[in-house]
Ligand code: NAD
């Protein structure tokens with residue numbers, strides 16, 4: 001199977017590529033991968049060093065908004081797994097336009113080219129943030145979208161565009177929506193690597209508001225396992241939730257991160273809350289469990305300890321990024 005993977009030099013995309021080419025998805029025989037990635041601030045080729053010499057790997061540096069480039073790269077592939085996005089909520093609050101152009105326009109360029117070249121399945125990787133915020137209970141896949149941040153709004157727009165290509169043209173589209181991921185190789189602007197790298201570097205960490213916001217945390221390998229299932233066996237035109245990790249308030253998460261890094265609450269500084277901060281996200285994963293037999297496999301404490309070990313063992317990966325990532329302190 002020849003797979004075009006957009007955003008494959010970023011956090012989740014590079015995990016998917018490494019897992020695919022290291023044989024962790026044996027049901028996909030002889031995978032050949034082309035990564036299309038613009039290498040923005042959050043993408044780096046060091047995330048792909050482990051597979052750089054694999055005979056089934058090739059890399060194209062390019063922008064998904066570039067119609068000519070996308071139309072030259074796509075032919076010959078069987079399927080597209082689309083990770084490329086502007087992905088950080090705080091950045092989208094600061095400036096929304098890159099989110100609109102990459103997440104909506106870029107996805108539109110890919111969908112048109114996928115249709116024009118008769119490529120097969122298009123897996124659109126999305127997020128639980130498209131639903132807004134939920135005080136209690138969990139969202140099912142039919143929940144109306146009610147995004148609240150510019151990031152979430154741009155992802156919701158791209159989800160709808162992808163599903164519209166299925167309904168209008170019969171394009172073989174499947175959409176995944178996942179909860180918060182953690183793991184190695186995550187750019188240290190997101191809360192887990194942001195806190196871990198700052199704590200390891202002896203710095204303080206900022207906690208938004210009262211720390212009461214709730215997120216579900218899933219190891220990136222469990223996210224990738226869900227995407228692989230949906231790629232192979234998801235029903236065309238359907239949305240699948242991927243989650244079922246560990247639901248924690250930001251205070252509870254902070255406590256676990258402090259302990260994992262051997263630090264205490266003296267290192268935490270309260271900062272003004274994020275504008276429009278969603279209180280709680282929660283996905284029901286019954287559909288992917290019942291239809292595809294999905295189960296997350298990595299317990300949070302174990303995954304977090306391994307993640308902290310990775311950052312501890314790889315300071316050359318994150319030390320040059322430490323100040324670049326500090327948007328809100
Ligand atoms: P990331 O920021 O680590 O990686 C994004 C990648 O996309 C980078 O390699 C970047 O260079 C590339 N990219 C950005 N703009 C591009 C463009 N215009 N053209 C080509 N490449 C471009 O993000 P991530 O955390 O790996 O997220 C990947 C996907 O998963 C995103 O679509 C995101 O919305 C979704 N998602 C993320 C999470 C999470 O917790 N991180 C949770 C659910 C869904």
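In nm², what is the average projected area of the convex hull enclosing the Cα atoms of region 215-293? Write out the running numbers ahead of the final one.
Details: hull surface 28.3 nm².
Here the figure is 7.1 nm², rounded to one decimal.
For region 2-51, what does the convex hull of the Cα positions come to per residue, in cubic angstrom?
Values: hull volume 3.0 nm³, N = 50.
Here the figure is 60 Å³ per residue.
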Inset, instruction - Taking every pair of Cα atoms in region 197-329, average 1/r, invert it to obtain the Kirkwood radius, and report Rg/Rh to two decimals. - result: 1.02
Inset, instruction - Send over the semi-axes of region 160-212's equivalent ellipsoid, whole angstrom and largest first, taken as the square roots of 5 times the C-alpha gyration tensor eigenvalues. - result: 38, 13, 8
Inset, instruction - With label points built 7 Å along Cα→Cβ from the Cα atoms of residue 27 and residue 164, find their separation and express it in nm. - result: 3.2 nm
Legend entry - Euclidean distance of C-alpha centroids, region 219-297 and region 128-155, integer Å: 14 Å
Inset, instruction - Convert 25 °C to kelvin, take the viscosity as 0.890 mPa s, use the Kirkwood radius over C-alpha pairs of region 40-102 as Rh, and evaluate the Stokes-Einstein diffusion coefficient in µm²/s, rounded to a whole number. - result: 174 µm²/s
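In square nanometres, what is one fourth of the surface area of the convex hull spanned by the alpha carbons of region 180-259? Present the calculation step by step, with values, prior to reporting the outcome.
Working: hull surface 25.4 nm².
Across all orientations, region 180-259 yields a mean hull projection of 6.4 nm².
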Inset, instruction - Give me the number: length gained by fully extending residue 61 to residue 140, i.e. 0.36 nm times residue separation minus the C-alpha to C-alpha distance, one decimal in nm. - result: 24.8 nm
Inset, instruction - Over the residues of region 95-190, compute the C-alpha Rg and express it relative to 2.2 N^0.38 Å. - result: 1.15
Inset, instruction - Taking 7 Å along the Cα-to-C-beta vector as the label spot, tell me the residue 269-residue 78 distance in nanometres, rounded to one decimal. - result: 5.3 nm
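Please label the shape of region 61-142 as rounded, prolate or oblate, based on the square roots a ≥ b ≥ c of the eigenvalues of the alpha-carbon gyration tensor (a/c under 1.5 means rounded; beyond that, a/b larger than b/c means prolate, else oblate). Intermediate results must be reported in sequence, preceding the final value.
Details: a/c = 3.27, a/b = 1.55, b/c = 2.11.
Oblate.
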Inset, instruction - May I ask you to order 285-294, 171-180 by the average number of other C-beta atoms within 10 Å around their residues, highest value first? - result: 171-180, 285-294
Inset, instruction - Provide, as a two-decimal number, the C-alpha radius of gyration of the chain over 2.2 N^0.38 Å, N being how many residues it has. - result: 0.95
Legend entry - Structure-based [θ]222 nm, the chain - -39500 (n - 2.57) summed over DSSP H runs of at least 4, per residue, nearest 500: -10500 deg cm²/dmol
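Under 8 Å for C-alpha pairs, at least 6 residues apart: give me the relative contact order for the chain, rounded to a whole percent.
On the way: 632 pairs, mean separation 56.5, N = 329.
About 17 percent, as a whole number.
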Legend entry - Linear extension gain, residue 252 paired with residue 94, 0.36 nm per residue minus alpha-carbon span: 54.2 nm
Inset, instruction - Indicate the gyration tensor shape class of region 1-87 (rounded, prolate or oblate), computed on the Cα atoms with a ≥ b ≥ c the square roots of the eigenvalues: a/c under 1.5 is rounded; otherwise a/b larger than b/c is prolate and the rest oblate. - result: oblate
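Give me the tail of P(r) for region 1-149 as a percent: Cα-Cα pairs with distance above 25 Å.
Roughly 33 percent, rounded to a whole number.
Any read-out appearing in this document is the output of simple, stated calculations on the displayed coordinates, not a laboratory observation. Quick caveat, the model's predicted, so the values are computed rather than measured. Cβ sites come from the backbone with ideal geometry, for glycine too, and all protein chains shown count toward neighbours.
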